[in-house]
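Engineer: Can you read through this structure? Questions will come right after.
The values are calculated or read from the model by the stated rules, or taken from the named source; none is laboratory data. The structure displayed is predicted, hence computed values, not measured ones. We place every Cβ from the backbone using ideal geometry, glycine too, and count neighbours over all the protein chains shown. Ligands, DNA and RNA are stripped out before the accessible areas are found, and what is left, the full protein with its side chains, is counted by its heavy atoms. Shrake-Rupley method; radii C 1.70, N 1.55, O 1.52, S 1.80 Å.
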Amino acid sequence: MKIAVIGDTHGRIEKICRELKLVKADQIFFTGDFLSDAKRIAHHLGGVMLHAVAGNCDFYESGPAERILDLEEKRFYMVHGHQYGVKGSVNSLYYRGLELGADVVLFGHTHIPFCEQIEGIWLINPGSPSRPRLDKKGSYALLYLEKGKIEVAIEYI
């Protein structure tokens, strides 16, 4: 199974739509900030399965603040991240993932890609495909799940 993880699109979806058409992901996980973008992207890709959480900029759209998904023998915890102060540290988010028994914690908010496995828990921020910080290239993440194993890649566009 191939999962595209995106977030922090802030109304700009053209580049990520072109990219994801080539990638042909089985599912999309959206880490917040402009939920309407996530719905438009999924529609643009032919109705691919979408799992999304709301971010701090989703004022006019309702959606869950956090989400837990069990797929391919792995538990995913999704949250935008502002609730856990991820611009300063991922410690609180790591402990929340540990508390929930997560194998993978997906978050956004910083617009900076992050991918690290800490004591068995993957913490992954796809960055932003449209408004990156610290780099001129936008980014997203690809997760490959097969028989309980996870491979992760940060992709730049």
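Engineer: Which of the trypsin sites (Lys or Arg not before Pro) found in the range 96-147 are in a DSSP loop and have at most 14 neighbouring Cβ atoms, other than their own, within 10 Å?
Structural biologist: Taking the range 96-147 and a limit of 14 other Cβ atoms within 10 Å, the loop trypsin sites (Lys or Arg not before Pro) found are R133, K136, K137, K147.
Engineer: Okay, moving on. What number comes out for accessible area per residue over the chain if the probe is 1.4 Å? Units Å², please. Before the final figure, lay out each step's value.
Structural biologist: Numbers: 7750 Å² over 157 residues.
Here the residues of the chain average 49 Å² of exposed surface.
Engineer: Show me the GluC sites (Glu not before Pro) within the range 40-130 that DSSP assigns to loop and that have at most 11 other Cβ atoms within 10 Å of their Cβ.
Structural biologist: E73, E119
Engineer: How far is it, in nm, from the label point at A65 to the one at I157 when both lie 7 Å from their Cα along the line to the Cβ?
Structural biologist: Once both label points are built, they end up 3.0 nm from each other.
Engineer: To the nearest 20 debye, what charge dipole does the chain have about its Cα centre, counting +1 at the Cβ of each Lys and Arg and -1 at the Cβ of each Asp and Glu?
Structural biologist: That gives the chain a dipole magnitude of about 520 debye.
Engineer: Near K39, which aspartates and glutamates are there with a Cα under 12 Å away, not counting those fewer than 8 places off in the same chain?
Structural biologist: Reachable aspartates and glutamates: E61.
Engineer: How many percent of DSSP beta bridges within the range 27-157 run antiparallel, rounded to 5? Write down the numbers at each step before the final one.
Structural biologist: Details: 19 of 29 bridges.
For the range 27-157, the DSSP antiparallel bridge percentage is about 65.
Engineer: If one computes the Cα centroid of the range 114-157 and of the range 81-98, what distance in Å separates the two points?
Structural biologist: If you average the Cα positions of each part, the centres end up 16 Å apart.
Engineer: Kindly provide the trypsin sites (Lys or Arg not before Pro) of the range 1-80 that DSSP labels as loop, not H, G, I, E or B, and whose Cβ sees at most 12 other Cβ atoms within 10 Å. Write out the running numbers ahead of the final one.
Structural biologist: Values: sites: K2, R12, K15, R18, K21, K24, K39, R40, R67, K74, R75; in loops: R12, K24.
Passing both the DSSP loop test and the Cβ count: K24.
Engineer: Which of the residue pairs K74/K137; K21/K147; K15/K136; K2/K147; K21/K87 have a Cα-Cα distance greater than 23 Å in the structure shown?
Structural biologist: K74/K137; K21/K147; K21/K87
Engineer: Go through V90, G55, H80 and say which Cα lies farthest out towards the positive end of the charge dipole of the range 52-93; charges sit on Cβ, +1 for Lys and Arg, -1 for Asp and Glu.
Structural biologist: Of the candidates, V90 comes out farthest on the positive side.
Engineer: Counting only other residues whose beta carbon sits under 12 Å from that of K2, what net charge do I get with K and R as +1, D and E as -1?
Structural biologist: Every neighbour counted, the sum reads -4.
Engineer: Which one, (1) 30, 19, 16; (2) 26, 18, 14; (3) 21, 18, 15, gives semi-axes √(5λ) of the Cα gyration tensor in Å as derived from the coordinates shown?
Structural biologist: (3)
Engineer: Given +1 on the Cβ of Lys and Arg, -1 on the Cβ of Asp and Glu, and no further charges, what dipole in debye does the range 92-157 carry about its Cα centre, rounded to the nearest 20?
Structural biologist: Approximately 320 debye in magnitude.
Engineer: Let me ask something else. Whenever you get a sec, compute what percent of the accessible area on the chain sits on carbon and sulfur atoms (1.4 Å probe).
Structural biologist: It is 49 percent, rounded to a whole number.
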